[in-house]
Amino acid sequence: MEIIVRIKDESGESIAESQREREVPYIGEIEEQGFRTAFHELETAILEERKVASDEVVSEYLEHMSKKKRQKTRDTTTK
């Protein structure tokens, strides 16, 4: 499984991105483990990786915005 979370600016340029990969149960494993167990494993993997990816991209986005604000403040004070 691969989860990609991306935040883009107005022009479509990516300014923050997080990509996560994780193994999930294969068809053979689902048959061996049973559907409920395999589905629980799949659901848990998705929720955990989505949370990590979201947290990472939000942190990166806030850092990007903070740098832009500092740069804008510097630009206005030097004029």
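Helix 35-77 and the longest principal axis of the Cα set of the chain meet at an angle near 0°. For Lys68, list the aspartates and glutamates whose Cα falls under 16 Å from its own Cα; do not include residues on the same chain fewer than 8 positions away. The qualifying aspartates and glutamates are Asp9, Glu10, Glu13, Glu60. Each residue of the stretch 2-12 was assigned a 3J(HN,Hα) from its phi angle through the Karplus curve 6.51 cos²θ - 1.76 cosθ + 1.60 (θ = phi - 60°); the sequence is 10, 10, 10, 10, 9, 10, 10, 8, 4, 8, x Hz, with glycine and proline shown as x.
Given +1 at the Cβ of Lys and Arg, -1 at the Cβ of Asp and Glu and no other charges, the dipole of the stretch 2-77 around its Cα centre is 820 debye to the nearest 20. Normalised by the number of residues in the chain, the average gap of Cα pairs under 8 Å and 6 or more apart makes the relative contact order 32 percent.
Shape analysis of the stretch 1-65 yields a ratio of the Cα radius of gyration to the Kirkwood radius, Rg/Rh, of 1.17.
Throughout, read-outs are computed from the coordinates displayed, never taken from laboratory work. Everything quoted here is computed from the prediction, not taken from an experiment. A quick note on method: Cβ atoms are made from the backbone with ideal geometry, for glycine too, and the neighbour counts reach across all protein chains shown.
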